[in-house]
1. Go through (1) basic (Lys, Arg); (2) open to solvent by 60 Å² or more (accessible area, probe 1.4 Å); (3) closer than 21 Å to LEU20 by Cα one by one and return the number of the condition LYS99 breaks.
2. Restricting the first residue to the stretch 42-66 and requiring it to be of a type in the set (Asp, Glu), which pairs with a second residue that is open to solvent by less than 60 Å² (accessible area, probe 1.4 Å) and assigned to a loop (DSSP other than H, G, I, E, B) meet a Cβ separation below 6 Å and a spacing of at least six or different chains?
3. Return the pairs, sorted by first residue and then second, in which the second residue is assigned to a helix (DSSP H, G or I) and surrounded by 15 or more Cβ atoms within 10 Å (Cβ to Cβ), the first residue lies in the stretch 151-166 and is of a type in the set (D, E, K, R), the beta carbons are less than 8 Å apart, and the residues are 6+ apart or on different chains.
4. If we keep just the residues of the stretch 132-161 that are within 12 Å of SER107 (Cα to Cα) and either among the hydroxyl-bearing types (Ser, Thr, Tyr) or touching a Pro at 6+ places or on another chain (Cβ under 8 Å) (or both), which is most open to solvent (accessible area, probe 1.4 Å)?
Amino acid sequence: MKVLALSGSNADNSFNEKLLRVIMKNLDYKYDFDFATVKGLPMFKEDVEAPQNVLDLGKKIEDADMILIGSPEQQHSVTSALKSVLEWLSSSVHPFHNKPVVIVSTSPMPQGAARSQTRLKSILAAPGFSAHVFNGDEFMMGFAPKQFDEEGHLTEEGTLKFLKHFFDEVDDWYAQLVK
């Protein structure tokens, strides 16, 4: 299965990007991963054609079997960079139509960006998306600075164990979805 791991952060040292990279490294035996980021993409502007780099991201989403979004939280919501890209992708092109989407998040705060996930699920339910969003177990990892070592590996074996369990549930959901 082709999975596009999309980082919703434009931070230079993104914990959510680190989380996606851990997932990609540890689950590469079961998924064919590609990586994309919202970093550097232009802010959405109404009545303007989407720029080529946004269209290229739309094509990557369209070509993937499933999208995995690492969604940081800012002000109890998704990042402005992620929201802007989603606005481009729901108005200029519509690559999320019937696309399976899984959301993960991490945060320095204890709740692990839970509100970002809730907000992102709401956004993906809006007209222009029609995405199929995974709503089983949720993966929200708090205290992000303590969760990664200097090389970006997870420090807690239990977290990696839960990640694998989480993706087993995702696989079951996906199998039912594509039946």
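1. All conditions are met except number (2).
2. Close Cβ pairs satisfying both conditions: GLU62/PRO95.
3. GLU156/GLN147; LYS164/ASN26
4. Start the filter on the stretch 132-161 by keeping residues that are within 12 Å of SER107 (Cα to Cα), which leaves 139-148.
From what's left, either among the hydroxyl-bearing types (Ser, Thr, Tyr) or touching a Pro at 6+ places or on another chain (Cβ under 8 Å) (or both): 142-145.
On the way: GLY142: 11, PHE143: 100, ALA144: 0, PRO145: 76 Å².
Step by step, filter the stretch 132-161, then rank; the result is PHE143.
The values are calculated or read from the model by the stated rules, or taken from the named source; none is laboratory data. Source: prediction; values computed, not measured. Quick reminder, even Gly has a Cβ in these numbers, built from the backbone with ideal geometry, and neighbours come from all protein chains shown. Only protein heavy atoms, including side chains, enter the accessible area calculation; ligands, DNA and RNA are left aside. Shrake-Rupley method; radii C 1.70, N 1.55, O 1.52, S 1.80 Å.
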